[in-house]
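The structure under discussion appears below in the form of C-alpha cells.
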C-alpha cells in the first residue's frame, strides 16, 4: 500500500437489496524507513566453484538481505536472499576460477538500504 491518508467506508447489502453504508473511517499508512546498510562484508573462495560471504547486520527492522554479484564490479544482479538476522551465505555453482564481486543490501517494506562495501573473491 502506498503511504498516505485514506478514508474508508463499508457498504453492505441485505437479502432484500437494502444498502447500508458505514460512517467514514480515516486511516494513515506509514511505512518504516529503509534499514541501515550492512557493513564489514568479507568473502572467500571455499573451492573453485564455491564462495562464502559474511557481513555485519546494522539494522533492527529488516525483512531480509539481498545478495548481489557482478563479474566486473559495476553491473550487479541480485542472486539470492536470506532472512532477517542471517549474516552469512555460501554461493555454489560458480564457473571454475571466475572472479566475482559481491555486495549486500538490507530490505524492508520501506525499501532497500544502500549497498554494503564490495568484495572481490577469486
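Things worth noting here:
- Every condition in (1) surrounded by 12 or more Cβ atoms within 10 Å (Cβ to Cβ); (2) farther than 21 Å from residue 122 by Cα; (3) more than 15 Å from the chain's Cα centre (by Cα) holds for residue 13 except the one numbered (1).
- Any hit, the range 16-32, residues being closer than 21 Å to residue 103 by Cβ, out of contact with any strand residue (DSSP E or B) (no Cβ under 6 Å at 6 or more places or on another chain), at pLDDT 90 or above and outside any strand (DSSP E or B): no
- Residue match in the range 3-15 (condition: free of Cβ contacts under 8 Å to residues at least 60 places away in the same chain and either closer than 30 Å to residue 87 by Cβ or touching a helix residue (DSSP H, G or I) at 6+ places or on another chain (Cβ under 8 Å) (or both)): yes
- Members of the range 74-99 found to be part of a loop (DSSP other than H, G, I, E, B) and within 15 Å of residue 42 (Cα to Cα), listed by number: 86, 87, 99
- Checked against (1) closer than 14 Å to residue 63 by Cβ; (2) modelled with pLDDT of 95 or more; (3) surrounded by 11 or more Cβ atoms within 10 Å (Cβ to Cβ), residue 83 meets all criteria but (3).
- Qualifying residue in the range 54-71 (condition: within 30 Å of residue 6 (Cβ to Cβ) and either loosely packed, with under 12 Cβ neighbours inside 10 Å or out of contact with any strand residue (DSSP E or B) (no Cβ under 8 Å at 6 or more places or on another chain) (or both)): yes
- Residue count for the range 88-106 under the criterion of being surrounded by 14 or more Cβ atoms within 10 Å (Cβ to Cβ), within 14 Å of residue 119 (Cβ to Cβ) and over 10 Å from the mean Cα position of the chain (by Cα): the result is 7.
The values are calculated or read from the model by the stated rules, or taken from the named source; none is laboratory data. Quick caveat: nothing in here was measured; it's all calculated off a predicted structure. Positions of Cβ are backbone-derived with ideal geometry, glycine not excepted, and every protein chain shown enters the neighbour counts.
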